[in-house]
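Asker: The structure that follows is given in the form of structure tokens.
Just so you know, all these numbers are worked out from the coordinates, no wet-lab data involved. Predicted model only: the values in this text are computed from it and were never measured. Cβ atoms come from the backbone with ideal geometry, glycine included; neighbour counts cover every protein chain shown.
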Amino acid sequence: MGHIRTAVFPVAGLGTRFLPATKAIPKEMMIVGDKPLIQHAVEEAIFCGVERFIFVTSANKPSIAAHFDYNHELEQHLVIKGKHETLEAVRACTLEPGQAVFTYQQKPLGLGHAVACSIPWLQPSEPFAVILPDDYIQANTPCLKQMCDAYFGGIMVAAKEVPLHHAQSYGILAIHEKKGNLIHAKDVVEKPHPDDAPSRYAVIGRYILPYSIIPSLQSLMPGTGGELQLTDALRSNHIDHKAPFLGCVFEGERFDCGSKEGWLQANSMFS
Ligand code: G1P
């Protein structure tokens, strides 16, 4: 079982699929149930023992940092009013000084570039998690915990079977072998045409990555859509360094909360 101490949250995106709601509110601050998507993601990481949180964000999204900061005025107000339960809820989303890093992805060059922006704050030689908060996952055991329990090194991605005609929305795994809920992947293709999809297993937004992936992140060239793709860093790390490449077919339901439909479906579970 792998203990992961650091998690990276790529949260610099413009949320264009959710406009106009996301014109002034970051998509990661959209509420699912009773809390913002980004808080669900952070709580999932905390559940797995993560102690260091790296948010790769942009200057026009100050509310994400504010959400996890200590708010003295608000806490004092709740203390004076005796609103203890609310106070506990507010404290639950306060990260300790030094636990969180907020760094900017200055140009929207792609997910691989976003993760590369976190490199200076990663712990040498330790694996780290990457969580895409708009992939909201409802599961009995949080998705990242399922992955940590199965992790023994190399690359691990969360995987889910999707209809073939959806292949163009995902990284799709090429499978060497599937044993139970673990896929031994031999490759991954970013957003293939359904005719070219090597399987129906899509990468969902949870990754455990080895520190050895850094050179692959630093040498990314534009890939699908002209972007620096995380998928391409996974491929080259696996192929060049023979690192194990596993897909964890997790138990649970995933909602694409970067889209209006997915977000509505996720919230309908709470009604
Ligand atoms: C990203 C990744 C893709 C992955 C998906 C999961 O795509 O590039 O490989 O399958 O997240 O949500 P995006 O949704 O940012 O286009």
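Asker: So which aspartates and glutamates pass the test for LYS191, namely a Cα distance under 19 Å, with those fewer than 8 places away in the same chain ruled out?
Answerer: ASP134, ASP135, GLU161, GLU227, ASP232, ASP256
Asker: How about LYS81: which aspartates and glutamates have a C-alpha closer than 16 Å to its C-alpha, ignoring those fewer than 8 places off in the same chain?
Answerer: GLU73
Asker: Local charge sum around HIS113 (other residues, Cβ-Cβ under 15 Å, Lys/Arg +1, Asp/Glu -1)?
Answerer: -2
Asker: Further question: Need the list of lysines near LYS179 for cross-linking: C-alpha distance under 23 angstrom, and skip anything on the same chain fewer than eight residues off.
Answerer: Straight-distance partners of LYS179: LYS145, LYS160, LYS242.
Asker: With an 8 Å cut-off on Cα pairs and a minimum separation of 6 or more residues, tell me the relative contact order of the chain in percent.
Answerer: For the chain, the relative contact order is 24 percent.
Asker: Between region 43-118 and region 244-271, how far is it from one alpha carbon centroid to the other, in angstrom?
Answerer: Value for the Cα centre distance between the two parts: 22 Å.
Asker: Determine the dipole magnitude for the chain: charges of +1 sit on the beta-carbon of Lys and Arg, -1 on that of Asp and Glu, nothing else is charged, the reference point is the Cα centre, and the result goes in debye to the nearest 20.
Answerer: Its charge dipole is roughly 200 debye.
Asker: What Kirkwood radius, in Å to one decimal, follows from the Cα pairs of region 1-155?
Answerer: 16.5
Asker: For region 6-67, just the Cα atoms, rotate onto the principal axes and tell me the three extents in Å, largest first.
Answerer: 36, 26, 20
Asker: Then there's this: Near GLU51, within a Cβ-to-Cβ distance under 10 Å, what is the net charge of the other residues, with Lys and Arg +1 and Asp and Glu -1?
Answerer: +1
Asker: Shifting gears a bit: Take the eigenvalues of the Cα gyration tensor for the chain, scale each by 5, and report the square roots as semi-axes in whole Å, largest first.
Answerer: Over the Cα atoms of the chain, the ellipsoid semi-axes are 31, 20, 19 Å.
Asker: Would you work out which of PHE250, PRO10, ALA158 lies farthest towards the positive end of the dipole of region 6-268, given +1 charges on the beta-carbon of Lys and Arg and -1 on that of Asp and Glu, about the Cα centre?
Answerer: It is PRO10, whose Cα lies furthest towards the positive end.
Asker: If Lys and Arg each add +1 and Asp and Glu each add -1, what is the summed charge of the other residues whose beta carbon sits under 13 Å from the beta carbon of PRO222?
Answerer: Surrounding charge for PRO222 is -2.
Asker: Further, regarding this structure: Fewest first, what order do THR141, THR6, THR22 take by the number of other Cβ atoms within 10 Å?
Answerer: Exposure proxy ranking, most exposed first: THR141, THR22, THR6.
Asker: Taking only DSSP H segments of four or more residues, each worth -39500 (n - 2.57), what value at 222 nm results for the chain once the sum is divided by all its residues, to the nearest 500 deg cm²/dmol?
Answerer: Theoretical 222 nm ellipticity from helices: -8000 deg cm²/dmol.
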